[in-house]
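Encoded as structure tokens, the structure appears first; notes follow it.
The values are calculated or read from the model by the stated rules, or taken from the named source; none is laboratory data. Please read all numbers here as calculations on a predicted model, not as lab measurements. Every residue, glycine among them, receives a Cβ derived from its backbone with ideal geometry; neighbour counts consider all protein chains shown.
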Amino acid sequence: MSGHHHHNHRRRRSSSSKTSRSNTSTISSYLEDVSEDNFEGPKYEIKTSKIMGRYIVSKKEIKPGEIIITEEPLVIGPCTDCKVQCLGCYKDLEKEQQINKCVSCGWPLCSKKCPGLRKTHGHTQIECTILQECKSASFLNYTNLEELRTNFQALVPLRCLILKTTDPSSYAILMDMESHNGIRKNIPDLWALNQARVVDRIIKDWRLTEFTPEEIHTICGILEVNAFEIGQGVNIRGLYPTAFLLSHNCVPNTNHTDEEGTYHLTIRASTRIPEGHPVTLSYAYTLQCTQKRREHLLENKFFECKCQRCCDKTELGTYSGALLCPKCDNGLVLCDNPLNFDSSWSCNSSGKYCPGYSINANSIRVLLNRISHEVEQIDSNDICAMENFLQKYRNVLHPTHYLCLSIKVSLSQVYGRISGYLIHELKDKPLIRKKDICHEILKVFDVIEPGYTRIRGVTLYEIHAPMMILLSRQMETESMSKSEIKAALRDVLKYLTEAKVILSYEPEHSPEGIMGKAATDALIQIKDWEKIVGKIK
Ligand SMILES: C[S@@+](CC[C@H](N)C(=O)[O-])C[C@H]1O[C@@H](n2cnc3c(N)ncnc32)[C@H](O)[C@@H]1O
């Protein structure tokens, strides 16, 4: 199921709308809410297609940064592949000396004072009573974490089933979602695992016999297909009453944040969405290559993506899946037919400048898995190891191959930020390296994560420090004219200004939110330069 990322909702952030308005007056914040979210009614309408089922299109042009959907979850809880978590606040409890238990039901709870205790999206009274009355704790083996974890897989399905009596209208919305039962029934491993971990747990172990196996399997499917992975530093998933309708695209035009504690979800346009266009998000990692994304979508969302990026063997010119040809100097090894999982790959110079090179899909898969494994072993604070990796594969992977890209994203953030590599200690060479990496990855993000996206916001921020330091060093060593200085500052200003806008959508206290504040401060400092060189813009 969710694999690792539901709608690509890794470490999504909460909405900043509440926090950023905390010091406005009640009436003005009320008016703002109304005009932004409700006043003109929804900005979208629901359509249906044979291939996609229901999906959302914009009713009128939507600008970058505009809120499209903002809503409370129907249900929240641990992910399928979660650790042993607190039932109230979802804190990971596996590292605790001794796991605290709820005195009534016996399930893990961080403490008696857990903020999620008796809360709608935490450990509710009714859940506690049900888990207690069915003696579910007798199946919890606290000496074996691995076994203990499996019990959690039935928890969100149980929470869905509870809605049937406590909130029938929410249950109806939920049960109207796509479960892909027809397809999932024919995937023996998947169905059997759900049978064992969820259906049998609820019906046989807990003896909650008022639910049918079919009903529970449907809920499993609905969660697999529709849940958002959310939470900050906690591994949780949630179903939302409208946002599930967003269709998938490998170059999405929205992004989303979820608010800490309330799990309130906000979907914003990241790019301009013309009237009548589908409003999309990515159910897969946008930074992976086509083969990986399409496999994920087929295995976890049960459809074959045929978006523009998937159709194009260059991935819109980003070459995020391209290998370098071992037979010639400049050739790139690309997939001959990216919409076919078994397609061969070949050198795009074959027959011209290359004697010819071709390799089958499976060999590519094996190679990628091997190199991915290597990437996973690299500590993302180890600059040497990351640079060595790039050196080692410089004749194998395209410089913006997604595996290089993930390393470069880490490098772009770590240069200047860790001991031995603090920004003011860096020599010109590593400073230039940081700046160049930022430029290189931004060019890719401009295509596959365009507009107001978190990764662009962060990278636009990262690029400013090396630029500023290099500029001031240059001014010390050579004489620069005011207009040269102004031109350099104008560039920095452009990056920082956009970083500030993008990061202002992030929760105040998240790493990105804090970075947004730093961008604001840096902008003020640059404005100070105007006293010396005159107006920059
Ligand atoms: C979260 S649901 C979206 C809502 C769903 N279409 C419905 O009517 O309930 C995800 C499912 O929608 C369909 N879908 C979404 N995006 C698609 C796309 N780009 N191509 C094909 N099917 C898509 C697939 O069936 C997928 O499993």
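Details
- Just one of the listed residues (P213, P252, P274, P278) is modelled with pLDDT of 95 or more, away from the ligand (no atom under 16 Å from the Cβ) and outside the structural domain of P168 (by TED's automatic domain parsing), and it is P274.
- All of (1) closer than 30 Å to E127 by Cα; (2) in a strand (DSSP E or B) hold for C105 with one exception: (2).
- Test: residue in the range 330-337 that is assigned to a loop (DSSP other than H, G, I, E, B) and at pLDDT below 95: yes
- Test: residue in the range 43-51 that is buried (at least 16 other Cβ atoms within 10 Å of the Cβ) and at pLDDT 90 or above: yes
- Residues that are away from the ligand (no atom under 15 Å from the Cβ), within 23 Å of the chain's Cα centre (by Cα) and either farther than 23 Å from A227 by Cα or of a type in the set (A, V, I, L, M) (or both) do occur in the range 50-63.
- Tally of residues being over 22 Å from the mean Cα position of the chain (by Cα), surrounded by 17 or more Cβ atoms within 10 Å (Cβ to Cβ) and either among the aliphatic types (A, V, I, L, M) or part of a loop (DSSP other than H, G, I, E, B) (or both) across the range 430-462: 1
- Residue match in the range 82-95 (condition: within 16 Å of the ligand (Cβ to nearest atom), at pLDDT 95 or above and at positive phi): no
- Being under 21 Å from E508 (Cα atoms) and surrounded by 23 or more Cβ atoms within 10 Å (Cβ to Cβ) is not true of T262.
Conditions (1) crowded, with 17+ Cβ neighbours inside 10 Å; (2) outside any helix (DSSP H, G or I); (3) within 16 Å of the ligand (Cβ to nearest atom); (4) without any contact (Cβ under 8 Å) to a residue 12 or more places away in the chain, marked per residue:
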site	(1), (2), (3), (4)
L158	yes, no, no, no
T165	no, no, no, yes
A172	no, no, yes, yes
S179	yes, yes, yes, no
G182	no, no, yes, yes
D189	no, no, no, yes
A192	no, no, no, yes
A196	no, no, no, yes
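- The range 137-156, residues that are over 20 Å from K204 (Cβ atoms) and surrounded by 13 or more Cβ atoms within 10 Å (Cβ to Cβ): Y142, L145
- Matching residues, the range 381-402, being of a type in the set (F, W, Y) and in contact (Cβ under 8 Å) with a residue 60 or more places away in the chain: Y402
- The range 198-214, residues that are surrounded by 15 or more Cβ atoms within 10 Å (Cβ to Cβ) and in contact (Cβ under 8 Å) with a residue 24 or more places away in the chain: V198, R201, I202, D205, W206, L208, F211
- Residue in the range 67-77 that is surrounded by fewer than 18 Cβ atoms within 10 Å (Cβ to Cβ), at pLDDT 95 or above and closer than 17 Å to V199 by Cα present: no
- Pick from the range 483-521, criterion closer than 18 Å to K535 by Cβ and among the hydrophobic types (A, V, I, L, M, F, W, C), ranking: surrounded by the fewest Cβ atoms within 10 Å (Cβ to Cβ): A487
- Any chance C354 is buried (at least 23 other Cβ atoms within 10 Å of the Cβ) and outside the structural domain of H401 (by TED's automatic domain parsing): no
- Note on the range 472-482: among residues that are part of a helix (DSSP H, G or I) and without any contact (Cβ under 8 Å) to a residue 24 or more places away in the chain, the one that is surrounded by the most Cβ atoms within 10 Å (Cβ to Cβ) is Q474.
- Residues that are buried (at least 23 other Cβ atoms within 10 Å of the Cβ) and either among the hydrophobic types (A, V, I, L, M, F, W, C) or more than 13 Å from the ligand (Cβ to nearest atom) (or both), drawn from the range 232-243: I236, L239, A243
- Hey, E315 surrounded by fewer than 19 Cβ atoms within 10 Å (Cβ to Cβ), in the same structural domain as C335 (by TED's automatic domain parsing), at pLDDT 95 or above and more than 11 Å from the ligand (Cβ to nearest atom) or not: no
- Residue within the range 470-489 that is in the same structural domain as P399 (by TED's automatic domain parsing), charged (D, E, K, R) and either closer than 28 Å to T257 by Cβ or under 32 Å from the mean Cα position of the chain (by Cα) (or both) present: no
- Verdict on I130 being crowded, with 17+ Cβ neighbours inside 10 Å and in contact with an Asp or Glu (Cβ under 6 Å, 6 or more places away or on another chain): no
- Among the residues of the range 281-300, those that are of a type outside the set (F, W, Y), closer than 25 Å to Y319 by Cβ and within 15 Å of the ligand (Cβ to nearest atom) comprise L281, S282, A284, T286, T290, R293, R294, E295, H296, L297, L298, E299.
- Extreme residue, nearest to N340 (Cα to Cα), among residues of the range 365-396 that are of a type in the set (D, E, K, R) and in a helix (DSSP H, G or I): R365
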